[in-house]
Amino acid sequence: MLEIGPIFRALMRNKVGAILIAIQIAITMTIIVNAVFIIYERSQKMQRESGIDEANSFYLSSAGFAESFNAKVSIKEDLAALRQLPGVANAIQINAIPISGGGWSMGLQTQAGAEYDGVGVAVYMVDEHGVDTLDLEIIAGENFSPSDIGWRETAQRLWPDKIIITKSMAEALFPDDPFETAVGKTVFINDTEPMVITGIIDKLQAPWVGWDRVENAMLSPENLNYESTRYFIRAEPGQRDSVMKNVEEFLAESNTGRIIRSMRSIEETRERSYRGDSAMIKILTTVMIILTVVTALGIVGLASFSVNRRKKQIGTRRALGASQGAILRYFMLENFLISSVGVFLGAALTVGLNVLLVNQFDLDPIDWFYIPIGMVILWIVGQLAVFGPAKKAANIAPAIATRTV
Amino acid sequence: MFSYYLRLAFKSIRRNPILSALMVAAIALGIGSSMTTITVNYLMSANPIPEKSDVLYHVQVDSWDPHNAFNDDDIPNQLTWTEATNLMAANKAMRQTAMAKTGGIIEPSDQDVKPFEASARLAFGDFFSMFNVPFLFGSSWDAEADQNRSQVIVLTKRINEQVFGGVNSVGETLSMFGTNFRVVGVLDDWQPMPKFYDVNNGAFDESEEVFIPFFLKEELELPNWGNTNCWKSPEGEGFKAFLRSECINFQMWVELPTQNDKAEYLDFLNSYVSEQKDLGRFPRPIQNRLSNVMEWMEDQEVVADDAQIMLWLSLMFLLVCLLNTIGLLLAKFTGKAAEIGLRRAVGASKGDLFFQHLVETALIGLLGGVFGLLLALVGLEGIKSLYGEFVRDLAALDFTMVLVGLVLALVSSIAAGLYPTWRACNIAPASQLKSQ
Amino acid sequence: MLKMTEIKKVFRTDLVETHALRDFNLHVDEGDFVAVTGPSGSGKTTFLNIAGLLETFEGGSYQLDGEDVSHLNDKQRSQMRNEKIGFIFQSFNLIPDLDLFDNVDVPLRYRGFNAPERRKRIEQSLDLVGLANRMKHLPSQLSGGQQQRVAIARALAGEPRFLLADEPTGNLDSKMANSVMSLLQDINDRGTTIVMVTHDQELARQAKRNIYVRDGKVSELHEVSELPDAVTA
């Protein structure tokens, strides 16, 4: 019953329409498969966890301006008061906010000297409450003690002698050893300044979500004697929004020699940091849907036209003994042949576009299995699109064969 | 004859409303999506200062680490304080300005207006004339103010409205960074797109809110905003040591009217770096660069990758829509074979028929273009809502874009119509007159 | 072979009912060659469509080769057309995109023959109509008479018991018409039953038997006693 031979030969005598559809399918597949791949990569990126309690945390900036403003005093008072506020789980002063886009990076190296390369690391300056406030887990070594915490002056060059690093950072520094063994080891900052690793935390992302080493972070036991500073606050579960309001009012009233600004929840920060990615996902999804509809409509249009043109031929086939099913199969099979040319061409174009994107925009090379999946999907789209016109063809009355016009 | 063809085209479109609507829709979708992305790319890659873009040069010298290049074999994109001040002191260009970004708290004298934080640009007086910055009131500060480290300030229109209610505030006093400034000028609306003179915090960031003399950085110990990169830690503690370190946080632009001026300035840079090498600095091979505005935009890749990817994809989308249109036109014109045969039989030449059908195709293209532009407006609104307010100025159709959209629609639909039209016109006059 | 009793066929539009056939009776014996004539609108084509199982009918009964067809579904009717009936159309109805080989192949595919069997039958039937050397030609490369001979080859390839011809020479000049007609007579001589619908009395006379249709009824029958010379020539 398979009549691939005659269908193919008939198609070859009427190439243009078929080629148009095949190219459309090929380009559609190229766009869709690459778009799905980009969407998948972006959503994977967006789903990475920052390591902090995103749902309950927020932060704000405090900038002192008055002559009388004393940063050290103000920070001590603020933190003591914030930690007492109802609904606040814990609060710290911090120099940068994870996944917010702005922060401080340094290089750590295992051997002293300018000639050795360092491993990039995001620096978070926190006191002994940092681990609890950021909701981190110490998986090796220990937390800072209050006596470890020093004051960092503006433009200070020297660093504390203890740090806590993430597991990923430990693995980046000592790739050959289990991460636990990093505790107690000495690393160097600014080429030659030694620091001892006293603890390892499970996970904490850097401020820069696009950085390829986003899991590399360290905690430095410091408060900052800066007039403009940030507080990071973790609320009790479910109380974030009311706590945010209270904290803002409280800080604004407690000291009028400074302004409170840029208060933002981590959830909003995540939304802002990944806005480009989520926009890209939405745009590509829209493009994919519209494109599929356009291609499907194109197939419907050309198939309807070809059914209309071949009415008499269909009637004749019916007269010669074709059942309705045979006519339906004829058009489905014809479309399958056209789609096959399209999807194989599409497979080549998909790889081509991906190579281009990899070279031009540093995208990742596509995983091979996207291509067969894309081919199957386009085959299905073609079959679904042609089903209507094919059904119409099958319903053409055989008596049309004896009509003379 | 043209109006006759136009009438025929309208009739033909009405006779096949679904097929015609499909074609218009296909072209409209293709044009809509590509115009959306073309507009974003066009605005991102726009020349922010077309009248002077090829005489303004961004200055780069390679002051980086002897062991590692700044970034993938490239030279640093900013200058150290030392270079910024030395090159300014040399005064070798027609106009020049070193600059940096900072910010602080403004305390309005009006008690009703709360203190607020504002971004500030540290620059030399030449900044305003170099970049054709328009003034609403007053003017730039002079070279003397630069050297004397005078506490003078230029406000943007918005800050002037916020603090002084929009009146001419020249001569008034403004309190910022905990000290007093004398207002010397108020800018008119000014927002170069992209913000070419400093793309460090985003090429489409807003311009700073106030402008003050460069040396106040040192005088008032103003913080670094924008990016700071170091390859070596400062030698010594405190603000001064940090300022004199090898950390880069400063930009410099020079105005060089002729190629000869440019060559001379490059020579000067090379000899400057040689002198510095004698002092034990600049451990890397001499590599200095002057980039004009558009070269610098290219170098800094201000057009976002995502925007370019979307542009490519949407052009492919347009191609699919055009292939679709070709197919539908073929179907439509083949359906008109009898009419074409008849017209040929009664004496229409191939040229007549070709023109007649081209008019029809162009009409469909134009309709598609108009709807496509409407879709592009929707698409740009969508981009605004997805990316937020900061792309506001990157998602607006201007007259050029409307024209580009219509021409694109017309050209692409006519291109799509050529083959079907050619095929239709090659129908033999007699073949369609028989009953079969 | 073909037995129609009291066949009724009504065409309905919103306003009018047209009785295309009323109480139509016809018996055709195996091996017969019947010409059906009648003026336009007499019901000739409706008869042809019903006889060829291309259309259904409202009343009466129709037995084809001993089988009552009124209860067959679409699929069974398709199968019956395929196996028992060969069609010859006025405008040949060859498929323009297929060469002669593939055209003759069409009904054989639906029959489900295997490839060697199909090839054998295609070659035989094209040989019979004298076009075996043109197998790879397209219909548009042939004259009208040649095209109709291909159509006849297509009708014969499945070795049907019953051949239905609808104005088989209507689109041909007289010389070609004669050659096609003599081909049909040859086929009839080999035992295939033929029913031919035509408005051409001249042509009808060359059949073994003539019936005349008027207002949807068989109104007149006469036997053809002897074959005219022109046909045997």
Whole angstrom only: what separates the Cα centroid of the stretch A:1-69 from the Cα centroid of the stretch B:10-33? 28 Å
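Using C-alpha positions alone, give me the convex hull volume of chain B per residue in cubic angstrom. Working shown, then result.
Numbers: hull volume 86.6 nm³, N = 436.
Spelled out: Cα convex hull of chain B, divided by residues, is 199 Å³.
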Estimated distance in nm for a label pair at A:T186 and A:T285, the labels positioned 7 Å out from Cα along Cα-to-Cβ: 5.4 nm
Provide the per residue accessible area, probe 1.4 Å, for the stretch B:56-299, rounded to a whole number of square angstrom. 40 Å²
Choice from B:Q111, B:Q191, B:Q300 with maximal GNM fluctuation in chain B (Cα, 10 Å cutoff): B:Q111
In Å and on Cα atoms, what radius of gyration and Dmax does chain A show? 32.3, 104
Apply the membrane-span-like helix rule to chain B: whole DSSP H runs, Cα extent along the own long axis of at least 20 Å, mean Kyte-Doolittle hydropathy at least 0.0. List the helices found. B:17-44, B:305-335, B:350-387, B:399-425
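For the stretch A:70-254, report the accessible area per residue in Å² (1.4 Å probe, heavy atoms, rounded to an integer).
Numbers: 7660 Å² over 185 residues.
Heavy-atom accessible area per residue stands at 41 Å².
For B:V167 and B:R15, what is the calculated FRET efficiency with R₀ set at 56 Å and r taken between the beta-carbons, to the nearest 0.05?
Step by step, r from the Cβ atoms, then E = 0.25.
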DSSP beta bridges in the protein assembly as shown, what fraction antiparallel, as a percent rounded to 5? 70 percent
Any DSSP H helix in chain A with Cα axial reach of 27 Å or more and mean Kyte-Doolittle score of at least -0.5? Listed by number, the hits are A:15-47, A:275-309, A:324-361, A:370-394
For the residue pair B:V346 and A:A66, what label-to-label distance in nm results when each label sits 7 Å from Cα along the Cα-to-beta-carbon direction? 9.4 nm
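If B:K92, A:K162 are ordered by their accessible area, calculated over protein heavy atoms with a 1.4 Å probe, which sequence runs from highest to lowest? Can you show the working numbers first?
Details: B:K92 120, A:K162 65 Å².
Most to least solvent-accessible, the answer reads B:K92, A:K162.
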How large is ³J(HN,Hα), in whole Hz, for each residue of the stretch A:147-160 in order, when computed from phi with the Karplus curve 6.51 cos²θ - 1.76 cosθ + 1.60 and θ = phi - 60°, using x for Gly and Pro? 6, 6, 7, x, 9, 9, 8, 5, 6, 6, 9, 7, 10, x
Just to be sure I understand: of the beta bridges DSSP finds with both ends in the stretch A:70-254, what percent are antiparallel, rounded to 5? 60 percent
Could you tell me the total accessible area buried at the A-B interface, probe 1.4 Å, in square angstrom to the nearest hundred? 4200 Å²
In whole Hz, the Karplus estimates of ³J(HN,Hα) for the stretch C:76-92 (6.51, -1.76, 1.60; θ = phi - 60°; x where Gly or Pro) are 5, 5, 4, 5, 5, 4, 5, 8, 10, 10, x, 9, 10, 9, 4, 9, 6
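How large, in percent, is the carbon and sulfur part of the accessible surface of the protein assembly as shown at a probe radius of 1.4 Å?
The nonpolar share, carbon plus sulfur, comes to 53 percent.
Compute the Rg/Rh shape ratio of the stretch A:290-405: radius of gyration over Kirkwood radius, all on alpha-carbon atoms.
On the way: Rg = 18.6 Å, Rh = 16.0 Å.
Rg/Rh: 1.16.
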What is the percent of Cα-Cα separations in the protein assembly as shown that go past 47 Å? 51 percent
Under a 1.4 Å probe, counting only protein heavy atoms, A:I139 has an accessible area in Å², nearest 10, of 60 Å²
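What is the average number of partner chain Cβ atoms found within 10 Å of a Cβ in A:26-36?
Shielding by partners across A:26-36 averages 3.
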Counting Lys and Arg as +1 and Asp and Glu as -1, what is the net charge of the other residues whose Cβ lies under 13 Å from the Cβ of B:Y5? +1
Would you mind pulling out the separation of the Cα centroids of the stretch B:351-402 and the stretch A:236-302, in Å? 29 Å
Ordering of A:39-49, C:74-84 by burial proxy (mean other Cβ atoms within 10 Å per residue, highest first): C:74-84, A:39-49
Would you work out which of B:M35, B:I49, B:W64 lies farthest towards the positive end of the dipole of the stretch B:6-65? Charges go on Cβ: Lys and Arg +1, Asp and Glu -1. B:M35
Protein heavy-atom accessible area occluded, A/C pair - total, 1.4 Å probe, Å²: 2500 Å²
Net charge near A:L356, counting Lys/Arg +1 and Asp/Glu -1 over other residues with Cβ under 13 Å of its Cβ? -2
Would you mind checking which residues have amide H under 5 Å from B:F204's amide H? H placed 1.01 Å from N; only 5 or more apart, or other chain. B:K195
Between C:D189 and B:S271, the two model label points (7 Å from Cα along the beta-carbon direction) sit apart by a distance in nm of 11.6 nm
Which distance in Å, rounded to a whole number, links the C-alpha centroids of the stretch B:213-271 and the stretch C:44-119? 92 Å
Would any residue of the stretch B:349-382 have its amide N under 18 Å from a label point 7 Å out along Cα→Cβ of B:S3? List them or say none. B:356, B:359-360
For the protein assembly as shown, which cysteines have no disulfide-compatible partner, meaning no other cysteine Cβ under 4.7 Å? B:C321, B:C425
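Would you mind telling me the antiparallel percentage of the DSSP bridges in chain B, rounded to 5? Walk me through the numbers on the way to the answer.
Details: 35 of 43 bridges.
Counting only bridges with both partners in chain B, antiparallel ones make up about 80 percent.
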Taking Cα pairs under 8 Å and at least six residues apart, what relative contact order does chain B come out at, in percent? 29 percent
Per residue of the stretch C:120-136, what does 6.51 cos²θ - 1.76 cosθ + 1.60 with θ = phi - 60° give for ³J(HN,Hα)? Whole Hz please, x for Gly and Pro, Karplus curve as stated. 4, 5, 4, 5, 4, 6, 5, 5, 4, 8, x, 10, 4, 7, 10, 3, 8
Between A:R258 and residues 5 or more places away or on another chain, the pairs with built amide H atoms under 5 Å apart involve A:F65
Apply 1/(1 + (r/R0)^6) to the Cβ-Cβ distance of A:K45 and B:D73, taking R0 = 25 Å, and write down the FRET efficiency to the nearest 0.05. 0.35
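Which net charge results when you count Lys and Arg as +1 and Asp and Glu as -1 among the other residues whose beta-carbon is under 14 Å from that of B:N148? The partial results should precede the final answer.
On the way: positive: B:R149, B:R182; negative: B:D142, B:E144, B:D146, B:E218, B:E219.
Spelling it out: positives minus negatives among the neighbours equals -3.
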Residues of the stretch A:337-385: accessible area per residue with a 1.4 Å probe, Å²: 52 Å²
Give the lysines reachable from B:K384 as a straight Cα distance under 24 Å; neighbours fewer than 8 places away on the same chain don't count. A:K45, A:K282, B:K195
Taking R0 as 51 Å and r as the Cβ-Cβ distance between B:A396 and B:E144, the FRET efficiency 1/(1 + (r/R0)^6), rounded to the nearest 0.05, comes to 0.75
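The values are calculated or read from the model by the stated rules, or taken from the named source; none is laboratory data. Quick caveat: nothing in here was measured; it's all calculated off a predicted structure. Glycine gets a Cβ as well: all are built from the backbone with ideal geometry, and neighbour counts include every protein chain shown. Note: accessible area is taken over every heavy atom of the protein model, side chains too, but ligands, DNA and RNA are not part of it. Shrake-Rupley method; radii C 1.70, N 1.55, O 1.52, S 1.80 Å.
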